[in-house]
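Would you mind keeping the following structure in view while I ask a few things?
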Amino acid sequence: MYTDKVMDHFMNPRNVGEIDNASGVGEVGNASCGDIMRIYLDVEDNIIKDVKFKTFGCGAAIATSSMATELIKGKTIDEALELTNKAVADALGGLPPQKMHCSNLAADALHKAIADYKAKQDAKK
Amino acid sequence: MYTDKVMDHFMNPRNVGEIDNASGVGEVGNASCGDIMRIYLDVEDNIIKDVKFKTFGCGAAIATSSMATELIKGKTIDEALELTNKAVADALGGLPPQKMHCSNLAADALHKAIADYKAKQDAKK
Amino acid sequence: MRRVYLDHSATTPVHPGVIEAMVDCMQNHFGNPSSVHSFGREAKKLLEEARANVAHLIGARPEEIIFTSGGTEADNLTIFGVARAMRKKGNHVITSATEHHAVLDACQALTKEGFEVTVLPVDETGMVRVEDVKAALKPETVLVTIMHANNEVGTINPIKEITQLVKAHGAIMHTDAVQTVGKIPVDVNDLGVDLMSLSSHKIYGPKGVGALYIRKGTKLFPLSHGGGQERKRRPGTENLPGIVGFGKAAEIMARELPEEMGRMGRLRQRLIEGLLAIPEVQLNGHPTERIPINVNVSIKYIEGESLLLMLDMKGIAASSGSACTSGSLDPSHVLLAMGICHEVAHGSLRLTLGRDNTEEDIEYVLDVLPQIVERLRAMSPLYAN
Amino acid sequence: MRRVYLDHSATTPVHPGVIEAMVDCMQNHFGNPSSVHSFGREAKKLLEEARANVAHLIGARPEEIIFTSGGTEADNLTIFGVARAMRKKGNHVITSATEHHAVLDACQALTKEGFEVTVLPVDETGMVRVEDVKAALKPETVLVTIMHANNEVGTINPIKEITQLVKAHGAIMHTDAVQTVGKIPVDVNDLGVDLMSLSSHKIYGPKGVGALYIRKGTKLFPLSHGGGQERKRRPGTENLPGIVGFGKAAEIMARELPEEMGRMGRLRQRLIEGLLAIPEVQLNGHPTERIPINVNVSIKYIEGESLLLMLDMKGIAASSGSACTSGSLDPSHVLLAMGICHEVAHGSLRLTLGRDNTEEDIEYVLDVLPQIVERLRAMSPLYAN
Ligand SMILES: Cc1ncc(COP(=O)(O)O)c(C=O)c1O
Ligand SMILES: Cc1ncc(COP(=O)(O)O)c(C=O)c1O
Ligand code: FES
Ligand code: FES
């Protein structure tokens, strides 16, 4: 069902956890399906220094969370904003068709976290 | 499907043949099914001295012909008239339900042959 | 790696004696049971022996059993077959909310043919209330179909009481006994039902074969048409190897049931105790009125598919009512019907025992599971530690 | 006693390689293909391999194959499934007089749902005339179902030509290819059909499994409802051992077909020659456009069932279109449709060859048969010697 890459990121997820006083936090949840994903960013000089996630969801949801966080770590905010759902799925070697919907969550949560970061920055100004 | 008795009478049918100048001949045929049975009687002093049959039909039809002829050989006309379809089937150890209809033929043919014999007798008087 | 199969309600391993019987059938008796010649007659003999064995397992007469391609077909044949045959008498059918999709979806499809379908609720243990059946019966009711035991939570319904009401009312009673036959004693005359669905692959027989018990005199239209097989109720060349395997499985189950039932019950108790020792775990289903092979718990804050995958990596095969396992959007309709919320239903875990399971298997699961739960909870945004 | 099986159109012995594959499946991969865990995934893999093998045999894509419980179900699923799905477009269906009962009876049942069914006649060789199809097509025609080759007389219909007409007309074309697949080259794209029925037990696979080829885009309602298996077109836990066996059989047939086809043809010619040397024997069916395994003769003045029984006592398994073999009142509808009279149809004998048959088998039959014919004719009131 899942590729080896997916299973690797599911069994050994990277960046699980929370960041205290995160620069930005984004949470998305698909109520109908029951999955919830939360991403924490630590941004310094417009660069994502650290990123953590917590996910309640299927194997694909956990693996995409892990992969998405890996892909943006060390990137600039603008680079991170370009991350697409498809890029995450591709990096995982593909996802089963019925799992595409939950793979969308990771990029969505990331975009929300960035928006939160920007809002906080704006508030500081 | 068939009992050993049926198979024995089918494979080694008794009384197959014709009787020249028979005292009585009876033929029945079930047009819808395609089976035809002909019975020849040789009657002397009201006693069935000899009986022969020819049958076009299934295993059950042949076996019942054989058994029916066996059962009436040496009997009086009145005794022969009492032969029922059921008695023939019973003597064969039973017949499959879908074959009951063709087992009726033998007794019918016999009754017809007796009727033919009687008609011929009456004609002589 | 140790492999522990705990998904016997999904399907069972095929019993070695069953495989042997099937191989013998295919090697030595391959004829078509409809053929006149000896190859056909030998096949026919095996067919009727299998029918007698299946009938025996549920206290029926052989001529009341017809073979189908599985439990799903038996359910569909009943629902469409009886409803359509009874159309002139009435157009109301009663079923329950926790039925297998084969029953629920067939009933749903019936509504397009002008039938009205009442779907009874269940209580929080997953049981149909007898009084609800009573209240739902109407003059137009022609068929009531309530499962004997549920496949997810194992709750056993009071079929005998329900059947008495239904029969007194003059309607036809069907039960899907796919999950009880071979697991607990099942007798069609004790229960009184008119029809009963069975499936071979839940009792150590092969997949793709099942049976429908049809009490003598029950009218039923066929679902498909063709040859005269199975008293014209189910045409097509009979699945002889499958049927022979099913018959053999029925024979073995009839023999082993009394002892296995006790053993399963004991393993089940140990498993439940061990699982409830994990914090924030709840048992789903009925505490006592459940088939002895079924354990169903909800493990809060975690999602079922992830749990299954992690168990799988440890060699443990289980199932879950989570929506994510099925690719559907809603979690198990059974758990929802029992009043369990989406989130908790998502975290459900079903472990179903079988004849190969040992005490060591159970201890292994109880050893491995808490760590997995901990790992997944550590990842969960719902879990505050 | 020598046993010679010459009833391969009724069913075939299961190939040893097929049995082996089925045993391996049942022993080592018993999981439910819908399960998430490794047992389930292994089962799913076998399911898809089998699908690919079956697809390959008829030049289809795997996703165009759905597995059924046999040829009968594939035929019924097509007829009810397509007709009901197309109901809004039209209510006319065309079939032919020599179809298998699975098709004829399903079409007959359709008339109760408001469909009009045209049953085309055949010529004296048993072949459907292309011009008759053309003449029967109406604006309301939604489905045409004509068998590829007939199971009794082996006549091959001009499906390619018929399909061209039907497709040009905008209707859906189905062919029951149960008797041709594995016997002659069959390619869904060459024929152009939208649907094709297959059955495993006619190609050395197990009984109780078949397939329906459904060209992409063809609308079809399911016959029964339940799980999401087989793209929701055929619910129920998949008959995995059966499907694996079918897949293996398809693989073997694809490999052996070119050579076996020639060998069958040669054995068949010898058999026909030998039979026609018996006085008052006629060949039924088409002289050349027939599947290479089929021989069908009428032996005048004798009845088929008696003939089969006597052959059986000599170890020879054959079949007949006599009414007496089936317990029905009319002889074979196929022979009658070809204009053969009741009496001659009663005396029909079908011998169908298979991969285990040898030249010695044929000589044995030709040695034994004349004596049997003589015995039965001696008993026959129709035969004047
Ligand atoms: C209660 C119940 N009914 C019906 C079925 C369907 O049976 P089958 O898988 O043989 O189609 C199942 C199993 O899937 C079941 O658990
Ligand atoms: C032409 C044809 N169609 C359909 C069938 C039915 O297939 P099955 O026996 O798999 O139901 C048969 C065989 O009996 C057949 O010969
Ligand atoms: S989280 Fe529900 S399917 Fe992935
Ligand atoms: S003669 Fe036709 S069934 Fe016996």
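Mind ranking B:56-67, A:45-56, C:7-18 by how tightly packed they are, going by the mean number of other C-beta atoms within 10 angstrom, highest first?
Working: B:56-67: 29.7, A:45-56: 19.8, C:7-18: 22.8.
Answer by packing, highest mean first, reads B:56-67, C:7-18, A:45-56.
A further question on this structure: Based on the Cβ-Cβ distance from A:Leu81 to B:Ala115, what FRET efficiency comes out when R0 is 60 Å, to the nearest 0.05? The partial results should precede the final answer.
Numbers: r = 106 Å, r/R0 = 1.77.
Working from the Cβ atoms, E equals 0.05.
What does the accessible area of C:Cys341 come to, in Å² to the nearest 10, when a probe of 1.4 Å is used?
Surface accessible to solvent at C:Cys341 totals approximately 70 Å².
Here is a further query. So, counting K/R as plus one and D/E as minus one, what does the shell of residues with Cβ under 14 Å around A:Val28 add up to? Write out the running numbers ahead of the final one.
On the way: positive: A:Arg38, A:Lys54, A:Lys112; negative: A:Glu27, A:Asp35, A:Asp108, A:Asp116.
So the surrounding residues net to -1.
Would you be so kind as to list the residues of region A:45-79 that have their accessible area lowered by at least 20 Å² in the full protein complex compared with their chain by itself (1.4 Å probe)?
With the partner chains in place, region A:45-79 has these residues losing at least 20 Å²: A:Lys54, A:Thr55, A:Phe56, A:Gly57, A:Cys58, A:Ile62.
Would you please classify the overall shape of chain C from the alpha carbon gyration tensor, given that a ≥ b ≥ c denote the square roots of the eigenvalues, rounded means a/c under 1.5, and beyond that prolate means a/b larger than b/c while oblate covers the rest?
Numbers: a/c = 2.08, a/b = 1.31, b/c = 1.59.
Note, shape of chain C comes out oblate.
In addition: May I ask you to compute the full-extension gain from D:Thr288 to D:Arg231, defined as 0.36 nm times their residue separation minus their alpha-carbon distance, rounded to one decimal in nm? Please report the intermediate quantities before stating the final value.
Numbers: separation 57, 0.36 × 57 = 20.52 nm, distance 4.02 nm.
Taking 0.36 nm per residue and subtracting the Cα distance, the gain is 16.5 nm.
Oh, and also: Provide the packing ranking of B:4-16, D:155-167, i.e. peptides ordered by the mean count of other C-beta atoms within 10 Å per residue, highest first.
On the way: B:4-16: 17.7, D:155-167: 20.3.
Final packing ranking: D:155-167, B:4-16.
Right, another one. For chains C and D, what's the summed buried accessible area, probe 1.4 Å, to the nearest 100 square angstrom? Intermediate results must be reported in sequence, preceding the final value.
Numbers: alone 16280 and 16260 Å², together 28070 Å².
Roughly 4500 Å² of accessible surface disappears when C and D pair.
Continuing with this model, one more query. Are there residues in region A:1-44 whose accessible area shrinks by at least 50 Å² when all protein chains are included rather than the chain by itself, and which are they (probe 1.4 Å, ligands and nucleic acids not counted)?
Residues meeting the cut-off: A:Met1, A:Phe10, A:Met11, A:Ser32, A:Cys33.
Given the DSSP H assignment, sum -39500 (n - 2.57) over each helix run of at least 4 residues in the protein assembly as shown and divide by its residue total; what's the result at 222 nm in deg cm²/dmol, nearest 500? Present the calculation step by step, with values, prior to reporting the outcome.
On the way: 36 runs with 444 residues, N = 1020.
Value at 222 nm, helices only: -13500 deg cm²/dmol.
Here's a follow-up. Taking 30 Å as the cut-off for C-alpha to C-alpha distance, list the pairs among D:Lys44/D:Lys219; D:Lys44/D:Lys216; B:Lys75/B:Lys124; D:Lys207/D:Lys300 that go past it.
Details: D:Lys44/D:Lys219 25 Å; D:Lys44/D:Lys216 22 Å; B:Lys75/B:Lys124 23 Å; D:Lys207/D:Lys300 34 Å.
With Cα atoms farther than 30 Å apart: D:Lys207/D:Lys300.
Quick one: accessible surface of D:Glu359, probe radius 1.4 Å, all protein chains present, in square angstrom to the nearest 10.
Spelled out: D:Glu359, probe radius 1.4 Å, area about 130 Å².
Relative to the longest principal axis of chain C, what angle (0 to 90°, nearest 10) does the C-alpha long axis of helix C:71-85 take?
Approximately 50 degrees, to the nearest 10.
Quick one: 3J(HN,Hα) in Hz for region D:222-237, Karplus 6.51/-1.76/1.60 with θ = phi - 60°, rounded, Gly and Pro as x.
x, 8, 9, 10, x, x, x, 4, 6, 6, 6, 8, 7, x, x, 4
In nm, to one decimal, how far is the modelled label at D:Glu161 from the one at B:Ile47, with both set 7 Å along Cα→Cβ?
7.2 nm
At 7 Å along Cα-to-Cβ for each site, give me the label-to-label distance between C:His342 and D:Gln371 in nm.
Calculated label separation equals 8.1 nm.
First compute the accessible area of the protein assembly as shown with a 1.4 Å probe, then give the percent of it belonging to carbon and sulfur atoms. Mind dumping the intermediate values first?
Values: 18540 of 36870 Å².
Carbon and sulfur together cover 50 percent of it.
Kindly sort D:Arg263, C:Arg3 by accessible area of their heavy atoms, largest first, with the probe set to 1.4 Å. Write down the numbers at each step before the final one.
On the way: D:Arg263 65, C:Arg3 110 Å².
The residues order as C:Arg3, D:Arg263, largest area first.
Once you charge only the Cβ atoms, +1 for Lys and Arg and -1 for Asp and Glu, what is the size of the charge dipole of the protein assembly as shown about its Cα centre, to the nearest 20 debye?
Numbers: 110 positive and 128 negative charges, 267 e Å.
In total the dipole reaches around 1280 debye.
Please give the residues from region C:181-204 for which the solvent-accessible area of heavy atoms, probe 1.4 Å, is smaller by at least 20 Å² with all protein chains in place than with the chain isolated.
C:His201
What does the charge add up to near A:Ile47, with Lys and Arg as +1, Asp and Glu as -1, over the other residues with Cβ less than 13 Å from its Cβ?
Details: positive: A:Lys49, A:Lys73, A:Lys75; negative: A:Asp42, A:Glu44, A:Asp45, A:Asp50, A:Asp78, A:Glu79.
Summing Lys/Arg as +1 and Asp/Glu as -1 gives -3.
Is there a simple number for the mean count of other chain Cβ atoms within 10 Å of the Cβ of residues in D:21-31, and what is it?
On the way: counts 0, 7, 6, 0, 4, 12, 4, 1, 1, 9, 7.
Per residue, the average neighbour count from other chains is 5.
Now for a different question. For region B:6-97, calculate the relative contact order in percent as a whole number, restricting contacts to Cα pairs under 8 Å that are 6 or more residues apart.
On the way: 155 pairs, mean separation 26.7, N = 92.
In percent, rounded to a whole number, it is 29.
Leaving out ligands, DNA and RNA, calculate the buried accessible area for the pair D and B with a 1.4 Å probe, summed over both sides, in Å² to the nearest 100.
On the way: alone 16260 and 6420 Å², together 20760 Å².
In total, this chain pair buries about 1900 Å².
Can you tell me the 0 to 90 degree angle between the C-alpha axis of helix C:359-379 and the longest principal axis of chain C, rounded to 10?
Computed tilt is about 60 degrees.
For C:Glu116, list long-range residues whose amide hydrogen, built 1.01 Å from N in the peptide plane, is under 5 Å from its own amide hydrogen.
Excluding prolines and chain starts, which carry no amide H, the hits are C:His92, C:Val93.
Using only the alpha-carbon atoms, how far is helix D:16-28 inclined from the longest principal axis of chain D? Give it as 0 to 90 degrees, nearest 10.
Its long axis makes an angle of about 30 degrees.
A further question follows. Would you work out which of A:Met37, C:Leu47, D:Ala337 lies farthest towards the positive end of the dipole of the protein assembly as shown? Charges go on Cβ: Lys and Arg +1, Asp and Glu -1.
D:Ala337
May I ask you to compute the full-extension gain from C:Leu329 to C:Glu256, defined as 0.36 nm times their residue separation minus their alpha-carbon distance, rounded to one decimal in nm? Display every interim value, and only then the final one.
On the way: separation 73, 0.36 × 73 = 26.28 nm, distance 4.01 nm.
Length gained between C:Leu329 and C:Glu256: 22.3 nm.
Quick one: Karplus J couplings for region C:305-311, per residue in order, coefficients 6.51, -1.76, 1.60, θ = phi - 60°, nearest Hz, x for Gly and Pro?
5, 4, 4, 4, 5, 5, 4
Ignore the peptide's own chain and count Cβ atoms of other chains within 10 Å of each Cβ in C:374-383; give me the average, rounded.
Working: counts 0, 3, 3, 1, 3, 11, 8, 12, 5, 2.
Taking all residues of C:374-383 together, the mean is 5.
Also, quick follow-up: Any idea how far apart D:Val119 and A:Asn12 come out in nm if each label point goes 7 Å out from Cα toward Cβ?
Taking the two extended label points, one gets 6.9 nm.
In whole Hz, with x marking every Gly and Pro, tabulate ³J(HN,Hα) for region D:278-292 from phi via Karplus 6.51 cos²θ - 1.76 cosθ + 1.60, θ = phi - 60°.
Those phi angles translate into 6, x, 6, 10, 10, 7, 9, x, 8, x, 10, 7, 9, 5, x Hz.
Something else: How much accessible area per residue does chain C have, counting only protein heavy atoms and a probe of 1.4 Å, in square angstrom? Walk me through the numbers before you get to the answer.
Working: 13020 Å² over 385 residues.
With all protein chains present, chain C gives 34 Å² per residue.
May I pose another question? Provide the per residue accessible area, probe 1.4 Å, for region B:4-119, rounded to a whole number of square angstrom. Present the calculation step by step, with values, prior to reporting the outcome.
Numbers: 4570 Å² over 116 residues.
Roughly 39 Å² per residue, with all protein chains present.
Only four residue types carry charge here, +1 at the Cβ of Lys and Arg and -1 at the Cβ of Asp and Glu. Report the dipole size of chain C about the Cα centre in Debye, rounded to the nearest 20. Walk me through the intermediate numbers first.
Details: 40 positive and 46 negative charges, 256 e Å.
The calculated dipole for chain C is roughly 1220 debye.
Using packing as a proxy for protection, rank C:297-304, C:372-379, C:230-237 so that the peptide with the highest average count of other Cβ atoms within 10 Å comes first.
By packing density, highest mean first, the sequence is C:297-304, C:230-237, C:372-379.
The values are calculated or read from the model by the stated rules, or taken from the named source; none is laboratory data. What you see is a predicted model, and the numbers here were worked out from it, not measured in a lab. FYI the Cβ positions are ideal-geometry reconstructions off the backbone, even for glycines, and counts take in every protein chain you see. Surface areas here come from the heavy atoms of the whole protein model, side chains and all, with no ligands, DNA or RNA. Shrake-Rupley method; radii C 1.70, N 1.55, O 1.52, S 1.80 Å.
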